[in-house]
Structure formats: C-alpha cells, structure tokens
Amino acid sequence: MLLLTSLPLGLLFLISDLQPTSATLVPRTVQRIHEVAARHTKNLARDLRVAFGGVLVTQQPPSNNQHVVYCRPGRPVIGNGTTPSGTSSLGPSSTSRAGSSPTKSSSSGAPTGTGTSTPSSPWKLTETHAGNSFFDGWDFQLGNDPTNGIVQYVSQDVGRSSGILEVNGNGNAVMRVETTPVVQNTRNSIRITTQSSFNGGLVVMSAVHMPTGCGTWPAFWTNGPNWPAGGEIDIVEAVNDYTHNQMTIHTNPGCTLPTADNANLGISGAVIGGTDCAAITTGNQGCGIRSSSGNTFGAGFNNNGGGTYAMQWDSNGISIYFFPKGSEPSDLTNEKPLPDTWGPPTARWPADKCNPYQFFNNHHAIFDTTLCGDWASGVWSSTGIPGQEQSCAQRTNFSTCEAFVRTNGASMAEAYWEVEYVKIFQNQG
C-alpha cells in the first residue's frame, strides 16, 4: 500500500505547493504518483473509490465504516476507435471536443393541456441517446482499464460481433462483459464517452438493469479535462454486491461541503467522507455521499425494475436525484423537468462553498464496467457495507477477485447495463 508518508520528501513538498490553477503541473505530478502506486500497491482498503486521475493514496488502515479512494484516469482512446460516422475517437480529456455539437437535438414544443398554474420549465432538451441510435455520438475507449481492472475495452464493431453490445428488442442499450467460461487474463468490456461536452446542465439516465455481483465495478459519471482541474462527478457507482449507490465529486483545492450534517445539507443520503472535496489534499477522497436506500444500486436496483438518476449542475451547485422505477415525476418524463419540485436530492454539493463553474468545466458523460480493479479487489474480503454483509471471498470461496473472475464466466451473467435513455438538458432561464 502506498502511503503519503512513504513518498520522498521532495515530492511531498511539490504536492503541498500546488495551486488550484496548476492545471498542467497537477496532472504530471498525479501521473508520477500513479506510476509508483501501480508498481507498489497491493492491498487497498474500504469503500468509496475516486473515479478519475490515476492516483491511489490511503493514509491509514480503514475500518469497515470508512471509505476507500480510487481513481478512474481519463486518457485518450487507445487504438483506432471510430464513431458510427467514421470520425476519429478522442479521450474524455481531449480539448478538441469542447466545440462539438450535441449528438441529437430536441426542441420540444409547448406542453399541451398545461394550465396557467403549471410553472414552465427553464430546461431545454439538447441531447438524447435512446433506441436504435443510442450509441450514436459516443466514443468507444479501447485497451486496458486505467484502474487496474482485468478487462479489455473494445470497439463498437467488436462489441456487437461478440454479443456484448446491442440494442435489444425493447429498444434498450445493453452493455455486457464477456462470459467465456475461462479466460487467461482479461474479459472484454465496454467503456463509452459522449463526444459532446457541457458546462452545467441536467443529465438524466434511466436504466432497468446495472452490473452487479462479486468482481464487478460499474459506473456512470462525468468528468472534465486536466483532472482534477476540470472536476469529476460520480453519479452511479459501487462494487461487488453493494446495494446502496455512492456519489462523489473530486476537484482542485478550494471546493468543500459546508457541513457533513445530512439535514443541514438537505439531502436524503449520508456523507461518508470528509467535507474537503479536493483530490490533492484529501488523498483523492473527495466528498462522498451514500444513498440510504437499498434499491439504488446492484441487485436492489435491478429487482425493483431499475430507476432514473438525474444530476443537476447549475449556479446553485450540484445535486443528484434518484427515482425508483415508476416514481419518476411527470414533468421529467414529459421532458419539461422542474427539479425544484422534486423534493430533497440524494446528494448535494452547494455552490456557496464550491463554485460549480470554477471547479467543473467541459464535462463528458461516461459508462464503463470493469472487473476487480483497485476498488472491487480491495474490498474482496471486506464486510459491513450494505449488500456485502458477507465478503465475496466467503461467498465465492476464492481468495482473490482476479482468480474468481477469470475462471467463472457464468458468474458474469448479471454484469450488464440495460439503459433506456440518456438525456441532457440545458438551462435556458
């Protein structure tokens, strides 16, 4: 395990001197730390991973109620991935995408049958991914998983021909992992990033199934360039058999939660990390909030028929809402969302202590599913997190995540996303 105290003194001084505006120096420093961590990190600790940037730093052995910090580095697409139109694919941090137009546009007309007492929505639908054209407007990352997962991300063509990517008969987008009984090293998987970027917005994702089971680590998240300067927002994420979703933001220094008290924050979830959201100063922990409901992730989500997540990013801050299947507000399903009428969000990071346009910019939405990796492997033998009352080591009789995943393809049958749509709205108010 790589501890900050084990780093050379000179490197610690370099990290401590970094300023929020060091957009070019921070990534180089982070990368140097990651290169050391990748060689020396073996056993990682408990729960809450940091989803971007390539660094793992833990400060002391955590208890079952503490959280683990992991990163999903953003980097250019490896290989010759192409979009459906044949344009070259670029990584999530590529600045050349900043001027990309949305995948699809919708200029919905005025709502029909709306009385004068119904407030109008300031949110306009600007991008939709649904049905047979769901995968239009996404780049497919190719190659190894940057969080040390034992997957190989493949192109759209390879995914379709191998049966791990499709739009099914219900018109839903399905992204699986390979279920070959035994593999020597990695299993094929899918990681996609929107070609368009956004600054502020309402990102809505509705799904009927998400990956679950020992060894799985799925996520739906957004990130900006030059991590952590562009910020990261983890909307859906957890590992193994967890049933309570974990939401996190990671930023440059200067962004904090005003309090760790859930009532004062006005949220239904629970703060599980500290109030400092900066990646550098918290060992990449950021500000983590866990849902209090067991139907927000994994088997609980799937058994309930799924649900809808909405991430709101505006001048008031960043909020994440969850609606179990069938409970979505009509204004949202009618594409005229009114978030102010939805009640308390599950997670919220107010603007008064974290300017959402200073610490977040030019974000892309991402789906991925990795196997094992830093987080799922790190808590393989752990218990105490909702859904993982018994460790995966006990459940599977395998001492390591990697050994189980490589020799039990049938156990990956539930490791798939089935997504109804992704919609992105922009505030026109």
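The values are calculated or read from the model by the stated rules, or taken from the named source; none is laboratory data. Computed from a predicted structure; not experimentally measured. Here Cβ is always computed from backbone atoms with ideal geometry, including for glycine, and neighbour counts include all displayed protein chains. Please note that ligands, DNA and RNA were not included when accessible areas were found on the heavy atoms of the full protein model with its side chains. Shrake-Rupley method; radii C 1.70, N 1.55, O 1.52, S 1.80 Å.
Of all residues in segment 166-201, count the ones that are within 20 Å of residue 308 (Cα to Cα) and among the β-branched types (Val, Ile, Thr).
5
Could you give me the residue pairs with C-beta distances under 8 Å whose first residue belongs to segment 243-264 and is under 26 Å from residue 216 (Cα atoms) and part of a loop (DSSP other than H, G, I, E, B), whose second residue is open to solvent by less than 50 Å² (accessible area, probe 1.4 Å) and among the β-branched types (Val, Ile, Thr) wherever it lies, and which are 6+ apart or on separate chains?
Close Cβ pairs (under 8 Å, with a partner that is open to solvent by less than 50 Å² (accessible area, probe 1.4 Å) and among the β-branched types (Val, Ile, Thr)) amount to 243/296; 244/296; 244/385; 245/236; 245/296; 245/346.
Mind listing whichever residues of segment 364-377 are modelled with pLDDT of 95 or more and open to solvent by 10 Å² or more (accessible area, probe 1.4 Å)?
Within segment 364-377, just 377 meets the criteria.
Go through segment 116-156 and report how many residues are touching a strand residue (DSSP E or B) at 6+ places or on another chain (Cβ under 6 Å) and closer than 17 Å to residue 198 by Cα.
10
Out of 166, 178, which single residue is open to solvent by 10 Å² or more (accessible area, probe 1.4 Å), charged (D, E, K, R) and part of a loop (DSSP other than H, G, I, E, B)? Break it down into steps so the answer makes sense when it comes.
On the way: 166 fails: part of a loop (DSSP other than H, G, I, E, B).
It is 178.
Starting from segment 363-387, take each residue that is assigned to a loop (DSSP other than H, G, I, E, B) and list its partners that are surrounded by fewer than 23 Cβ atoms within 10 Å (Cβ to Cβ) and basic (Lys, Arg), counting only C-beta distances under 7 angstrom and pairs at least six apart or across chains.
Taking only residues 6 or more apart or on different chains, the pairs are 379/46; 382/46.
Which condition number in (1) closer than 30 Å to residue 136 by Cβ; (2) among the polar types (S, T, N, Q); (3) open to solvent by 20 Å² or more (accessible area, probe 1.4 Å) is the one that residue 400 fails?
The one condition residue 400 does not meet is (1).
Restricting the search to segment 316-337, which residues are open to solvent by less than 30 Å² (accessible area, probe 1.4 Å) and either in contact with a helix residue (DSSP H, G or I) (Cβ under 8 Å, 6 or more places away or on another chain) or on the phi > 0 side of the Ramachandran plot (or both)?
Matches in segment 316-337: 317, 319, 321, 323, 329, 331, 337.
Which residues, taken from segment 181-196, are surrounded by 24 or more Cβ atoms within 10 Å (Cβ to Cβ) and either under 17 Å from the mean Cα position of the chain (by Cα) or aliphatic (A, V, I, L, M) (or both)?
Result: 189, 190, 191, 192, 193, 194.
Among (1) under 30 Å from residue 336 (Cα atoms); (2) open to solvent by 50 Å² or more (accessible area, probe 1.4 Å), which single condition is residue 410 missing?
Residue 410 satisfies every listed condition except (1).
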